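My questions will all concern the structure given below.
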Amino acid sequence: MSSRSGFVTFVGRPNVGKSTLTNALVGEKVAITSDKPQTTRKAIRGILNRPGGQLVIVDTPGIHKPRTLLGQRLNDLVEQVLGDVDAIGFLVPATEKVGPGDRRIAASLDGYGRAKKVAIVTKVDIASREEITERLMEVDALREDWDAVIPLSAVTDDQLDVLADELLKLMPKGPPLYPEGMVTDESLEDRIAEIIREAALDGVRDELPHSIAVTVEDIAAREDSDLTDVYANIVVERDSQKAIIIGRGGSRLKDVGARSRAGIEPLVGGRVFLSLRVRVAKEWQRDPKQLGRLGF
């Protein structure tokens with residue numbers, strides 16, 4: 001049987017569950033998740049090997065109205081990915097009626113003629129049968145060229161195999177693009193930085209989530225010990241934000257460190273000593289030089 005392999009990405013309104021679905025398909029956490037819009041800031045590739053071939057799932061930032069240079073660069077990144085992939089999955093939650101934002105994104109897919117298009121109704125585990133039926137009909141009516149319309153739950157894994165098989169059928173024939181044991185092409189530094197950012201995002205609100213970036217300075221195995229030392233910076237834009245991240249008596253930073261370690265230790269395969277520093281880079285989201293230093 002000939003093998004198929006190719007690239008797929010998911011689109012939809014912010015917080016529709018793109019990263020959650022990516023992680024569920026890959027079977028391992030490769031993309032961080034949060035209830036904050038624009039949590040995803042890079043094109044993160046998750047690799048799914050199936051009997052018939054390989055899917056490379058590119059998790060991208062949500063499409064949004066940019067208010068900063070960072071926002072514009074994230075939108076440009078999404079445009080670039082959409083132009084390169086073999087299939088696009090359009091996500092709509094079963095629990096919410098199709099709205100203007102969904103219609104706008106579905107219509108924008110006209111611009112990507114070479115990509116196959118699949119409509120995906122998510123969160124069916126928390127929706128009623130009537131809601132699911134209604135949503136499937138609404139989504140089906142958005143375009144005439146859907147290659148498939150699939151209801152699923154990334155939380156309960158319901159219909160995930162169906163989606164993976166349908167997407168694989170749409171991929172071009174060819175050998176795997178990555179070695180079989182690989183789940184992502186992200187470096188260890190990048191994965192650790194994202195785990196720390198996910199922990200730092202939890203519980204913060206207003207503008208602060210957008211202002212948080214993380215850099216990893218060093219990862220080193222400690223001599224004569226099973227410990228790995230990780231040195232990282234949490235970067236914010238203002239002194240007042242630095243105070244929030246640190247918390248009273250350092251309590252919040254300590255909590256961020258504890259939750260980060262729990263995510264980092266399985267990655268490095270042992271105990272971790274994590275040193276976190278919070279530093280201020282004024283208005284980094286609007287400064288081309290600082291964006292470059294932070295990897296955007």
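Working only within the stretch 148-191, note down all residues that are in a loop (DSSP other than H, G, I, E, B), touching a residue at least 60 places away in the same chain (Cβ under 8 Å) and of a type outside the set (A, V, I, L, M, F, W, C).
Residues satisfying the conditions are Asp157, Pro172, Gly174, Pro175, Pro176, Tyr178, Glu180, Asp185, Glu186.
Shifting gears a bit: Could you please give the count of residues in the stretch 53-93 that are within 23 Å of Gly174 (Cα to Cα), of a type in the set (A, V, I, L, M) and over 14 Å from the mean Cα position of the chain (by Cα)?
Just the residues of the stretch 53-93 that are within 23 Å of Gly174 (Cα to Cα), to begin with: 53-59, 80-89.
Still in the list and also of a type in the set (A, V, I, L, M): 55-58, 81-82, 85, 87-88.
After this cut, where a residue has to be over 14 Å from the mean Cα position of the chain (by Cα) as well, the list is 55, 82, 85, 87-88.
Here the count works out to 5.
Residue by residue through the stretch 121-138, note down the ones that are over 23 Å from the mean Cα position of the chain (by Cα) and crowded, with 18+ Cβ neighbours inside 10 Å.
First, pick out the residues of the stretch 121-138 that are over 23 Å from the mean Cα position of the chain (by Cα): 127-138.
Selection gives Ala127, Glu131, Arg135, Leu136.
Further question: Go through (1) in a helix (DSSP H, G or I); (2) crowded, with 16+ Cβ neighbours inside 10 Å for Arg104 and report which single condition fails.
Failing condition for Arg104: (2).
Oh, and also: For the stretch 27-37, which positions are more than 9 Å from the chain's Cα centre (by Cα) and surrounded by fewer than 21 Cβ atoms within 10 Å (Cβ to Cβ)?
We begin by selecting, within the stretch 27-37, every residue more than 9 Å from the chain's Cα centre (by Cα); these are 27-29, 34-37.
Hits for the stretch 27-37 are Gly27, Glu28, Ser34, Asp35, Lys36, Pro37.
Being among the basic types (Lys, Arg) and crowded, with 21+ Cβ neighbours inside 10 Å narrows it down to one residue among Lys173, Lys169, Lys116; which is it?
Values: Lys173 fails: crowded, with 21+ Cβ neighbours inside 10 Å; Lys169 fails: crowded, with 21+ Cβ neighbours inside 10 Å.
From the options Lys173, Lys169, Lys116, the qualifying one is Lys116.
Could you list all residues from the stretch 64-80 that are in contact (Cβ under 8 Å) with a residue 40 or more places away in the chain and surrounded by fewer than 19 Cβ atoms within 10 Å (Cβ to Cβ)?
Result: His64, Thr68, Leu69, Gly71, Arg73.
Next question, about the same structure. Taking the stretch 31-62 as the search range and keeping residues that are among the aliphatic types (A, V, I, L, M) and under 20 Å from Lys123 (Cα atoms), which one is modelled with the highest pLDDT? Please lay out each step first, then the result.
Here is the first cut: in the stretch 31-62, the ones among the aliphatic types (A, V, I, L, M) are 31-32, 43-44, 47-48, 55-58.
After this cut, where a residue has to be under 20 Å from Lys123 (Cα atoms) as well, the list is 31-32, 57.
Details: Ala31: 85, Ile32: 80, Ile57: 96.
Among residues in the stretch 31-62 that are among the aliphatic types (A, V, I, L, M) and under 20 Å from Lys123 (Cα atoms), the one modelled with the highest pLDDT is Ile57.
The values are calculated or read from the model by the stated rules, or taken from the named source; none is laboratory data. If you're wondering where the values come from, they're calculated on a predicted model, not measured in any experiment. Glycine also receives a Cβ, built like all others from the backbone with ideal geometry; neighbour counts cover every protein chain displayed.
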